[in-house]
Amino acid sequence: QIHLVESGGGLVQAGGSLRLSCAASGRGFSAYVMGWFRQAPAKERESVAAITQSGSSTYYADSVKGRFTISRDNAKNTAYLQMNSLEFEDTAVYFCAADIRWRPGGSNYDYWGQGTQVTVSS
């Protein structure tokens, strides 16, 4: 089992940057695919990015390609989401999640964090 805690959210102006972190506790972080998701008010949760266990493959939603970068440091049991050129439409609660299966764009992850709020002012 793995426990996830997100941090790094906040208020930023459009065009700015934020870096989200997802710290994992428990065993076997390196065995899990890590994903980032977001949910805006009155909208469904959507997959934003994902990264394989070794970091060799990544997935990005079309809406964030070229602006967001997912990474991980298995030695630190932490996954990251670097968000640049933020737009008002990026405002949402961002969640990290872990699963042993690689299914880019999918949302059936076994473990979820509690979320961190990202607010982009226009």
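Going from the alpha-carbon gyration tensor of segment 9-81, what semi-axes, largest first and in whole Å, does one get by taking the root of 5 times each eigenvalue? Mind showing how you got there, number by number?
Details: eigenvalues 100, 38, 33 Å².
Gyration-tensor ellipsoid for segment 9-81: 22, 14, 13 Å.
If you average the alpha carbon positions of segment 77-117 and of segment 1-70, how far apart do those two centres end up, in angstrom?
Each part reduced to its Cα centre gives a spacing of 3 Å.
Just the Cα atoms of the chain: what Rg and Dmax do they give in Å?
13.2, 41
Quick check for you: with a 1.4 Å probe and neighbouring chains kept, what is the accessible area per residue of segment 40-91, in Å²? Don't skip to the answer; put the middle values down first.
On the way: 2820 Å² over 52 residues.
Heavy-atom accessible area per residue stands at 54 Å².
So, in nm, how far is label ARG103 from label ASP62 when the simple model puts each one 7 Å beyond its Cα toward the Cβ?
Going from the ARG103 label point to the ASP62 one covers 2.2 nm.
Kindly write out, for segment 11-28 in residue order, the coupling ³J(HN,Hα) from the Karplus curve 6.51 cos²θ - 1.76 cosθ + 1.60 (θ = phi - 60°), rounded to whole Hz, with x marking Gly and Pro.
9, 9, 6, 4, x, x, 10, 9, 10, 8, 10, 10, 8, 10, 10, x, 9, x
Under a crude label model (7 Å from the Cα following the beta-carbon direction), how far is ASN74 from SER7 in nanometres?
2.4
Quick check on segment 53-120: take the gyration tensor over C-alpha atoms, sort the square-rooted eigenvalues as a ≥ b ≥ c, and tell me if it's rounded (a/c under 1.5), prolate or oblate. Don't skip to the end; give the middle numbers.
Details: a/c = 1.56, a/b = 1.42, b/c = 1.09.
Since a/c reaches 1.5 and a/b is larger than b/c, the shape of segment 53-120 is classed as prolate.
The values are calculated or read from the model by the stated rules, or taken from the named source; none is laboratory data. None of the values given here were measured: they were computed from a predicted structure. So basically every Cβ, Gly included, is an ideal-geometry build from the backbone, and we count neighbours across all protein chains shown. Remember, those area values only see protein heavy atoms, side chains included, never the ligands or the DNA or RNA. Shrake-Rupley method; radii C 1.70, N 1.55, O 1.52, S 1.80 Å.
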